[in-house]
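Chemist: Below are the structure tokens for one structure; questions will follow.
The values are calculated or read from the model by the stated rules, or taken from the named source; none is laboratory data. The structure displayed is predicted, hence computed values, not measured ones. Cβ: placed from backbone, ideal geometry, glycine included. Neighbour counts: every protein chain shown.
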Amino acid sequence: MTDNGDGVVVWLPMVDGAERLGVVAVRTAALDGPRMRRSRMLADLLAMVVTSKRAYSDWIAARTRTATMRLPAEMLRAFLPPRTIGSKHCVSTAVLEPAYDVGGDAFDHAVVKHVLHTMILDAMGHDLASGLTTSVAMAGARNARRSGADLPDLVGSVDHALAQWLPDHFCTGVVCRLDAGTGELHWINCGHPPPLLIRAERVIEGELDSPPQPPIGLHLELGPAARQVHKTALQPGDRVLLYTDGVVDARDANGVEFGLDHFTDFIIRASAAGQRPSEVLRLLSHAILDFQHNNLRDDATILLFEWHPQHP
Amino acid sequence: MKLGAEGVIPVPDASRAPADPGGAVDESLLEALITEAQIVLPVDLSALANRCASALGLNTVRIYVVDLQQVVLVPLDESLEALPVDASQAGWAYRTVSPHG
């Protein structure tokens, strides 16, 4: 609280659901209960107004950029959902770097009734064609999801779309479906690093490993008839990590890799320190950039989702 | 400053009712502001936000949006400075999603 004679300033978070938009600074004569309540109301109202304006405002988009965005990143980012989404039972949050120069990585998450859908994608290469591959995959997956497709049909429809329209391109990825009521997790891994399960501040080794399946777009040439779906039962408080290899392959000036252990340790430690998932990933993405002196060789994407059912 | 019985600062002038945060909000003013919020250009949002603050008995409000990499909080009012997420009261409110004040 700052009091410089003409009142006090209170900083309030401005959030849209689980997504942090920014903050507001309210200056008021004094910070009593009614004024605090009205300050919160104002922050909530402004969050809704900013949310409704920012989707199509070039001015707000430009205000929130600190560097020039390259074309593949502009295209891919148009497909991205908010960084953080959630319900009472689950939260999903993600970060993607290099923010202004991403080539072929993307993530998606959505809550549909009691189901949390999450997805991570990594197209080979780092150019407009990789961005196109990922964009088609994102659109294809959403199109299938919104038509009520189950996981194998969802991945199958993206396999077909890529094989038909971008036959020389493919991407790896993981698609997950979490029943937030029961904790039942289904996933298909298409040639991607396996998801990681963090339970009670430990990584449960190999828990979400599965036999390899072809990347998305190559399945029709290489694969068996149907995509294999895997399943496991999450426990309350479990966290699942989806990531692309750019995260663990990041190297410092001496060629030392950031590494999987460093990656999971960072998440476990920051979470144990009481940071919320979106803040954990914010800190982690900055740590990875610092490690590589702001010069990532490959796209690095992390998506973290957490199941925390309400007790009856 | 002395607080009234309910922790509210007494406002002597009844014609300035919006300045009394415990009193009724001017409904027609709020209605006008909400209608205006629908059509306001983002660049004019700061001024509208201040009028909303005033209608709620608050002095002023400033809006900051986080940049793409969540490093700085950028004011919508272009005359203000951006604030670091890692080292400011504003950043603390952002990082913890809690009010600071």
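Chemist: Quick test for you: out of A:ASP58, A:ASP105, pick the one residue that is of a type in the set (Asp, Glu) and either touching a Ser or Thr at 6+ places or on another chain (Cβ under 6 Å) or within 21 Å of B:VAL85 (Cβ to Cβ) (or both). Let's see the steps before the verdict.
Modeler: On the way: A:ASP58 fails: either touching a Ser or Thr at 6+ places or on another chain (Cβ under 6 Å) or within 21 Å of B:VAL85 (Cβ to Cβ) (or both).
Only one candidate passes the filter, namely A:ASP105.
Chemist: Given segment A:207-301, what helices (runs of 4 or more DSSP H) lie entirely inside it while holding 1 or more residues that are outside the structural domain of A:PRO13 (by TED's automatic domain parsing) and in contact with a Ser or Thr (Cβ under 8 Å, 6 or more places away or on another chain)? Show your work before the answer.
Modeler: Details: elements: A:219-222, A:245-249, A:260-272, A:277-291.
The helices (runs of 4 or more DSSP H) meeting that bar are A:245-249, A:277-291.
Chemist: Next question, about the same structure. Out of A:LEU96, A:LEU80, A:LEU12, report the one residue that is out of contact with any Phe, Trp or Tyr (no Cβ under 8 Å at 6 or more places or on another chain) and either more than 26 Å from A:ALA250 (Cβ to Cβ) or assigned by TED's automatic domain parsing to the domain that holds A:SER271 (or both). Spell out the reasoning first.
Modeler: Details: A:LEU96 fails: out of contact with any Phe, Trp or Tyr (no Cβ under 8 Å at 6 or more places or on another chain); A:LEU80 fails: out of contact with any Phe, Trp or Tyr (no Cβ under 8 Å at 6 or more places or on another chain).
Exactly one of A:LEU96, A:LEU80, A:LEU12 is out of contact with any Phe, Trp or Tyr (no Cβ under 8 Å at 6 or more places or on another chain) and either more than 26 Å from A:ALA250 (Cβ to Cβ) or assigned by TED's automatic domain parsing to the domain that holds A:SER271 (or both), namely A:LEU12.
Chemist: Now for a different question. State whether one or more residues within segment B:71-91 are buried (at least 22 other Cβ atoms within 10 Å of the Cβ) and at positive phi.
Modeler: No, segment B:71-91 contains no residue that is buried (at least 22 other Cβ atoms within 10 Å of the Cβ) and at positive phi.
This table checks each residue for (1) buried (at least 21 other Cβ atoms within 10 Å of the Cβ); (2) free of Cβ contacts under 8 Å to residues at least 40 places away in the same chain.
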{"position": "A:ASP261", "(1), (2)": "no, yes"}
{"position": "A:ALA273", "(1), (2)": "no, yes"}
{"position": "A:SER278", "(1), (2)": "yes, no"}
{"position": "A:LEU281", "(1), (2)": "yes, no"}
{"position": "A:SER285", "(1), (2)": "yes, no"}
{"position": "A:ILE288", "(1), (2)": "yes, no"}
{"position": "A:ASN295", "(1), (2)": "no, yes"}
{"position": "A:ASP298", "(1), (2)": "no, no"}
{"position": "A:LEU303", "(1), (2)": "yes, no"}
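Chemist: Okay, moving on. Give all pairs with beta carbons closer than 7 Å in which a residue from segment A:144-164 that is under 14 Å from A:TRP187 (Cα atoms) meets a residue that is charged (D, E, K, R); count only pairs at least 6 apart in sequence or on separate chains.
Modeler: Qualifying pairs under 7 Å: A:LEU151/A:ARG177; A:PRO152/A:ARG227; A:LEU154/A:ARG145; A:VAL155/A:ARG227; A:GLY156/A:ARG227.
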